[in-house]
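Visitor: My questions all concern the structure below.
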Amino acid sequence: MSLNMPARTPHSNNRSAPYPPAGSRTFNPVTPQNREGSFGSSFDDYSTSPSFGSANTSLQSQSSFEDPTQSFNNQSFGQEQSAYLVTKLVSRENLDDERRRRAHEFHIANKDMKLTASYAQGLAIDQKLDLMLQRLTMQSDEVAAVRVLVNAAWALTPAQKSLMQDLLEHFLIKATTSYKNIIRNAEVMSKYHLENYSTEDIIKRTINIYLVKTLVAVKSKYRKKLFKLVNAHVPLDSLSLLLVNQFHMTPRPSPIGNNILATVALHRRVAGPLAPKKNAKGADTGFWDKLDEEMLKLVKANGDDRKDARWLEWETNIIATDREKFTDDNSISTDEEPEPEADADDAM
């Protein structure tokens, strides 16, 4: 019996093995030249991938030296990197050498030591603040004591008192729109002529007290002089000259202008019905109240500017009326009278 076997497929005698023989295998280390095709490069690619490894590995790869506070919270930073960040912090704060050293010591200390050091530092600051407060309190007491001495020592000189009295008298004879702001006007003048008036309260108070007290006497003096001249029926030019010479500050106007002539004519018109009356000593004559009422009416009609055309027309009219009424030149005494006592209305 014979078996029919298939014909064998011919093969070449130069066969190639699928793998090299065990003895002929070689190990090629990874070098810069063959890195691209090595397993090492594949592992490197994975290790540098954001999705490779744990979350800490990803945070490490994305950490930045520009944010020192995050760096302190990252436990994986090495000692050298931490020291570098501390150095950056102290440099940014411009600390001196001693404080730089203390910052580095604090950084490497354990948590308990850091907490104790922080608390001790707070106590030291609290102690320094208490000491500063004690010193400030002592200095404040010293300044207050000095101020009391200065206040007690400061007073108007006789020359200053005389000047302020002259100033108050001047405001009674000059043209104005109100006699209620004489004190304020005098204080404004004092500000420009007295050193430290604007900065020292004691000077302001002393001057104000003197002006208020003196104005009462000055108004009484002016009113009584005016009443005497009104009863004498002195012509306007003579009446104005007498009042200007006694109450106007130097330099005195010559000739006397219409603004003062009109002011004196108004004073006489208000004083005319009141001057002949016999009042009890110290009683209110009503002169200054009546004058304030007249001034208020005039301001309503003519405005606040004495150079306004309406005021100028009023001056011309009242001067003409007064000159027509008082024409006789009566002889009157110009002797200085004793300082009068103030009446009730002079304090208004």
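Visitor: Could you list, ordered by first residue, the pairs with Cβ atoms under 8 Å in which the first is in segment 309-325 and without any contact (Cβ under 8 Å) to a residue 60 or more places away in the chain and the second is not in a helix (DSSP H, G or I), at least 6 apart or interchain?
Guide: Listed by first residue and then by second, the contacts come to ARG310/GLY303; TRP311/GLY303; TRP311/ASP305.
Visitor: Could you list, in sequence order, all residues of segment 267-292 that are within 12 Å of ILE318 (Cβ to Cβ) and surrounded by 20 or more Cβ atoms within 10 Å (Cβ to Cβ)? Can you show your working first?
Guide: Filtering segment 267-292 for residues within 12 Å of ILE318 (Cβ to Cβ) gives 267-270.
Of everything in segment 267-292, those that are within 12 Å of ILE318 (Cβ to Cβ) and surrounded by 20 or more Cβ atoms within 10 Å (Cβ to Cβ) turn out to be HIS267, ARG268, VAL270.
Visitor: Which numbered condition trips up TYR197, out of (1) touching a helix residue (DSSP H, G or I) at 6+ places or on another chain (Cβ under 6 Å); (2) modelled with pLDDT of 85 or more; (3) among the aromatic types (Phe, Trp, Tyr)?
Guide: Failing condition for TYR197: (2).
Visitor: For segment 274-314, how many residues are in contact with a Gly (Cβ under 9 Å, 6 or more places away or on another chain) and in a helix (DSSP H, G or I)? Even if it seems obvious, please write down each step before you answer.
Guide: First, pick out the residues of segment 274-314 that are in contact with a Gly (Cβ under 9 Å, 6 or more places away or on another chain): 274, 310-311.
Okay, now just the ones that are also in a helix (DSSP H, G or I), so 310-311.
Going through segment 274-314 one residue at a time, the tally reaches 2.
Visitor: Residues of segment 270-308 being touching a residue at least 40 places away in the same chain (Cβ under 8 Å), closer than 22 Å to ASN181 by Cα and either in contact with a strand residue (DSSP E or B) (Cβ under 6 Å, 6 or more places away or on another chain) or basic (Lys, Arg) (or both), which ones?
Guide: ARG306, the sole residue that qualifies.
Visitor: A further question on this structure: Report, by residue number, each residue of segment 97-154 that is outside any helix (DSSP H, G or I) and either under 30 Å from ASP201 (Cβ atoms) or of a type in the set (S, T, N, Q) (or both).
Guide: At the first step, the residues of segment 97-154 found to be outside any helix (DSSP H, G or I) are 109-110, 154.
The answer is ASN110, TRP154.
Visitor: Within segment 224-255, which residues are of a type in the set (Val, Ile, Thr), surrounded by 18 or more Cβ atoms within 10 Å (Cβ to Cβ) and either out of contact with any helix residue (DSSP H, G or I) (no Cβ under 8 Å at 6 or more places or on another chain) or modelled with pLDDT of 95 or more (or both)?
Guide: Taking segment 224-255 as the starting set, the residues that turn out to be of a type in the set (Val, Ile, Thr) are 230, 234, 244, 250.
Still in the list and also surrounded by 18 or more Cβ atoms within 10 Å (Cβ to Cβ): 230, 234, 244.
If the condition is that a residue be of a type in the set (Val, Ile, Thr), surrounded by 18 or more Cβ atoms within 10 Å (Cβ to Cβ) and either out of contact with any helix residue (DSSP H, G or I) (no Cβ under 8 Å at 6 or more places or on another chain) or modelled with pLDDT of 95 or more (or both), then VAL244 is the only one that fits.
The values are calculated or read from the model by the stated rules, or taken from the named source; none is laboratory data. None of these values were measured; they are calculated from a predicted model. We place every Cβ from the backbone using ideal geometry, glycine too, and count neighbours over all the protein chains shown.
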